[in-house]
1. Tell me yes or no: at least one residue of segment 83-91 is surrounded by 12 or more Cβ atoms within 10 Å (Cβ to Cβ), part of a loop (DSSP other than H, G, I, E, B) and modelled with pLDDT under 90.
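The values are calculated or read from the model by the stated rules, or taken from the named source; none is laboratory data. Because the structure is predicted, anything quoted here is derived from the model rather than measured. Because the Cβ atoms are built from the backbone with ideal geometry, glycine has one as well, and the counts that use them run over all protein chains shown.
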Amino acid sequence: MKYLIWLVVLLAVVVWFQRAKKSMLAGSDSADAKAEPGMPQPKSSRSRRSSDGGAETMVQCAHCGIHFPVSEAVVHASGAHYCSEEHRRLASF
């Protein structure tokens, strides 16, 4: 009887690891699939989010100097980051 219990516990652990591995692989595939075909892929996933998913890279506005998350940035053709479309427009004059 005790061997049967250990077998069930071992089977549960194996199934749990397989599901965790499958969900990790599905998460990385879906992140790649979100980009449109023909669009350049980001150089690093850390450029937007850290590995824990909680913190985000901060950038500085080239016009006013305020720091804000890169996901909210308006990027100029030169690669400069701006906090708003207005600041990007003002900088091009």
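1. So far as segment 83-91 goes, no, none of its residues is surrounded by 12 or more Cβ atoms within 10 Å (Cβ to Cβ), part of a loop (DSSP other than H, G, I, E, B) and modelled with pLDDT under 90.
Here is a yes/no grid of residues against (1) at pLDDT 90 or above; (2) exposed (fewer than 10 other Cβ atoms within 10 Å of the Cβ); (3) of a type in the set (Val, Ile, Thr); (4) over 24 Å from residue 82 (Cβ atoms):
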{"position": "15", "(1), (2), (3), (4)": "yes, no, yes, yes"}
{"position": "22", "(1), (2), (3), (4)": "no, no, no, yes"}
{"position": "27", "(1), (2), (3), (4)": "no, yes, no, yes"}
{"position": "37", "(1), (2), (3), (4)": "no, yes, no, yes"}
{"position": "41", "(1), (2), (3), (4)": "no, yes, no, no"}
{"position": "49", "(1), (2), (3), (4)": "no, no, no, no"}
{"position": "54", "(1), (2), (3), (4)": "no, yes, no, yes"}
{"position": "58", "(1), (2), (3), (4)": "yes, no, no, no"}
